[in-house]
Protein chains: 2
Amino acid sequence: MIKEINSKDNNKLKHAASLKESKYRKEYNEFLSEGKKSLDMALKAGNVKEIFTVKPIKEVPQDITQYVLKEDLLKKISSTKNPEGIVFVCNVVNRKPKKLNKVVYLDHINDPGNMGTIIRTALAFDYDAIIVSEGSCDVYNEKAIAASKGAIFSLPILHGDLDEYREGRQVIVSALNEKAVDIKDVKKPQSFILVVGNEANGVDEAIIASADIVTKIEIKNIDSLNVAIATGILMDHLR
Amino acid sequence: MIKEINSKDNNKLKHAASLKESKYRKEYNEFLSEGKKSLDMALKAGNVKEIFTVKPIKEVPQDITQYVLKEDLLKKISSTKNPEGIVFVCNVVNRKPKKLNKVVYLDHINDPGNMGTIIRTALAFDYDAIIVSEGSCDVYNEKAIAASKGAIFSLPILHGDLDEYREGRQVIVSALNEKAVDIKDVKKPQSFILVVGNEANGVDEAIIASADIVTKIEIKNIDSLNVAIATGILMDHLR
């Protein structure tokens, strides 16, 4: 169905704008995403609730409403400079992972850009799921969604404590300490959880102490890699 | 020397604020950076022109002026939410690389966050320099500087065309085409330039056509990796 929106006071538009805030995302269990490529992935995954667009899009099923509006109104709900004329509201879908043999655990990841990039990378390396610790930033933050490039619509996202998931799985922690083994020398376990940590403080000390394997990437000249880069390199070794 | 600034109309403060714009960075050959860790690296490298800080810093040489000011004034020149109370003006230093055996060429990289992260990663993997193509974003953009985490003060940054540098070096291009060889099967040449490309369009077709080696990272489920992640993984293989 196609409808027009001509006013900034339109209720649908105001509802969508409210999803820029974490508390409303949690209240409604919805979030915003942008752009044609992400829309295609979200449609395929069945996450799309409604679409705001500067011109009607052909391939959208009839039962999803397209609100057609002027670009200056669309800007009220877009977060990027160039939203490609498409912003859409998504339902949060709790996808059940088919298995949990290759998982990443994000321990207090702060930056939504890093979060989204790790989600994109995890999907590309065929990880089964991502587990987000309490105290991490919101997975559905608009910057995380943008950086995930649609991967958020395929990868199962779990929340919770590492201990809920560790039974039967080797815990591999990324940490720059003396005992850490070079990732090149780590033999991939059959079933594992890769733990990466906070941008400033790294992985929690108690998690490091209880790890099955502590690993690191050999670097020079500088203290650390960006956490999304480190995660990408570790995942490349642990495919 | 320590001086106080009490007004937003102070000339030194206004000059620093002007460096948020690319045209003034180019005009003065200066840029802004923030935080204690970056300051330490910049001092060591000899890039620091003057410092704006909420309280005097002990380890700063006498000949570098510290302007002490209130936090609300500091916010006029900071770009992060938490500038740690320190923003400083740096001189652009054209560092000559000692050698050019391991180099990254950035072909039309658009996003300053990606640019800065690649600079940080290149330093961590001991690359000799980075070459920035025309049409890439400004290396001295505040987001690029922040993402580089001080690496900008150590890694030689060159500008120009790939052809100026290719003599005697193998050109290795990252591209998702059919002929591309899995990076795992690429033997590291003694002297090479790794070329990575634009976020939306990849590496220029003419560069791909003239490459010595075209390589890719095997991925599933999604079109591509983020360019900084891909570069990190390629660099890890090509240390």
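Tell me whether the stretch A:39-57 contains one or more residues that are among the basic types (Lys, Arg), in a strand (DSSP E or B) and open to solvent by 80 Å² or more (accessible area, probe 1.4 Å).
no
Which residues, counting only those in the stretch B:189-206, are within 14 Å of chain A (Cβ to nearest Cβ) and under 22 Å from B:LEU100 (Cβ atoms)?
Once the filter is applied, which keeps residues that are within 14 Å of chain A (Cβ to nearest Cβ) and under 22 Å from B:LEU100 (Cβ atoms), the stretch B:189-206 yields only B:VAL196.
Is it the case that the stretch B:67-81 has a residue that's under 20 Å from A:ASP223 (Cβ atoms) and at pLDDT below 95?
Among the residues of the stretch B:67-81, at least one is under 20 Å from A:ASP223 (Cβ atoms) and at pLDDT below 95, which makes the answer yes.
For B:CYS137, which of the numbered conditions (1) open to solvent by 20 Å² or more (accessible area, probe 1.4 Å); (2) more than 14 Å from every other protein chain (Cβ to nearest Cβ) fails to hold?
Here B:CYS137 clears every test but (2).
Return yes or no: is B:GLU84 charged (D, E, K, R), under 18 Å from B:LYS143 (Cβ atoms) and within 22 Å of the chain's Cα centre (by Cα)?
Yes; evaluated as a whole, the condition is true for this residue.
I'd like the full set of residues that are assigned to a helix (DSSP H, G or I) and touching a residue at least 60 places away in the same chain (Cβ under 8 Å), limited to the stretch B:121-150.
B:THR121, B:ALA122, B:GLU142, B:LYS143, B:ILE145, B:ALA146
What number of residues in the stretch A:1-21 are in a helix (DSSP H, G or I) and open to solvent by less than 40 Å² (accessible area, probe 1.4 Å)?
Residues that pass the stated criteria total 5.
Taking the stretch A:133-145, which residues are in contact with a strand residue (DSSP E or B) (Cβ under 7 Å, 6 or more places away or on another chain) and under 11 Å from A:LEU32 (Cβ atoms)?
A:TYR140, A:GLU142, A:ILE145
Filter the stretch A:151-175 for residues that are part of a strand (DSSP E or B), β-branched (Val, Ile, Thr) and closer than 27 Å to A:LEU43 by Cα and give the result.
If the condition is that a residue be part of a strand (DSSP E or B), β-branched (Val, Ile, Thr) and closer than 27 Å to A:LEU43 by Cα, then A:ILE157 is the only one that fits.
Take A:ARG95 and decide whether it is closer than 23 Å to A:LEU19 by Cβ, within 14 Å of another protein chain (Cβ to nearest Cβ) and over 11 Å from the mean Cα position of the chain (by Cα).
yes
Among the residues of the stretch B:27-55, which ones are free of Cβ contacts under 8 Å to residues at least 40 places away in the same chain and of a type outside the set (Phe, Trp, Tyr)?
B:GLU27, B:LEU43, B:GLU50, B:ILE51, B:THR53, B:VAL54, B:LYS55
Can we say B:ASP72 is within 11 Å of chain A (Cβ to nearest Cβ) and surrounded by fewer than 22 Cβ atoms within 10 Å (Cβ to Cβ)?
Taking the combined requirement at face value, the residue does not satisfy it.
Tell me the residue from A:LYS143, A:LYS149 that is at the interface with chain B (Cβ under 10 Å from one of its Cβ atoms) and under 15 Å from B:ASN114 (Cβ atoms), please.
After applying the criteria, what remains is A:LYS149.
Can you tell me which residue within the stretch B:207-239, out of those that are more than 16 Å from B:GLU178 (Cα to Cα) and open to solvent by 40 Å² or more (accessible area, probe 1.4 Å), is nearest to the other protein chains (Cβ to nearest Cβ)?
B:ASN221
How many residues does the stretch B:22-38 hold that are under 17 Å from the mean Cα position of the chain (by Cα), within 14 Å of chain A (Cβ to nearest Cβ) and in a helix (DSSP H, G or I)?
Number of matching residues: 2.
Return yes when A:TYR127 is surrounded by 17 or more Cβ atoms within 10 Å (Cβ to Cβ) and away from chain B (no Cβ under 13 Å) and no when it is not.
So A:TYR127 does not fit the description; no.
The values are calculated or read from the model by the stated rules, or taken from the named source; none is laboratory data. Model, not experiment: these values are computed from the prediction. In this analysis, Cβ positions are derived from the backbone assuming ideal geometry, glycine residues included, and neighbour counts consider all displayed protein chains. Keep in mind that these areas ignore ligands, DNA and RNA; they rest on the heavy atoms of the full protein, side chains included. Shrake-Rupley method; radii C 1.70, N 1.55, O 1.52, S 1.80 Å.
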